[in-house]
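See below for the structure under consideration.
Where a number appears in this text, it was derived from the coordinates with a stated rule and is not lab data. Every value quoted in this text rests on a predicted model; they were computed, and no experiment measured them. A quick note on method: Cβ atoms are made from the backbone with ideal geometry, for glycine too, and the neighbour counts reach across all protein chains shown.
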Amino acid sequence: MFFMGTFTPRLDEKGRLFLPAKFRDRLAEGVVVTRGQEKCLVVWPQDVFEAEAARVMAQPRERRGTRDVTRSFFSGADSGTPDKQGRIAIPPLLRAYAGLEKDVAVIGVGDRLEIWDQARWLEYDAETAEKFSDLDEEPQA
């Protein structure tokens, strides 16, 4: 299953988020929420997080960049299981990192979901939409 689409749920007063209904079965066994790039949060299915964690841990620890990525990846992670209503709790530290208050955007990004402050997502999406047609012009490595 690929995660696709954009959804606009709201955080409740306790910092809980309803996961999109179409993804709840895939996420029922557990999720890990981590800091993402561009000040968003990433929601990984537990098994996908474990595979990504193994990839991170396989990098040589002698390199400072590897240590930095490893620290950021694991120190900002929080695991849990959605409740019966399909909600997950977003810890205060992660909400602060992503600037989440009430209105959020949950976007499907293939193997994971991202949670954005809704205004930040709309701004980012508008910026990247202008560049979208140019992306195919970049040389492939």
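Kindly establish whether Leu122 is among the aliphatic types (A, V, I, L, M), within 17 Å of the chain's Cα centre (by Cα) and within 19 Å of Met4 (Cα to Cα).
Taking the combined requirement at face value, the residue satisfies it.
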Take the conditions closer than 24 Å to Asp12 by Cα, touching a residue at least 60 places away in the same chain (Cβ under 8 Å), charged (D, E, K, R) and surrounded by fewer than 18 Cβ atoms within 10 Å (Cβ to Cβ) and apply them to Glu101. Does it pass? yes
Out of Val69, Val106, I need the residue that is within 22 Å of Ala21 (Cβ to Cβ) and in contact (Cβ under 8 Å) with a residue 12 or more places away in the chain. Which one? Val106
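Condition check ((1) surrounded by fewer than 15 Cβ atoms within 10 Å (Cβ to Cβ); (2) assigned to a strand (DSSP E or B)) across all residues:
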{"position": "Val33", "(1), (2)": "no, yes"}
{"position": "Phe49", "(1), (2)": "no, no"}
{"position": "Arg61", "(1), (2)": "yes, no"}
{"position": "Ile107", "(1), (2)": "no, yes"}
{"position": "Ile115", "(1), (2)": "no, yes"}
{"position": "Thr128", "(1), (2)": "yes, no"}
{"position": "Phe132", "(1), (2)": "yes, no"}
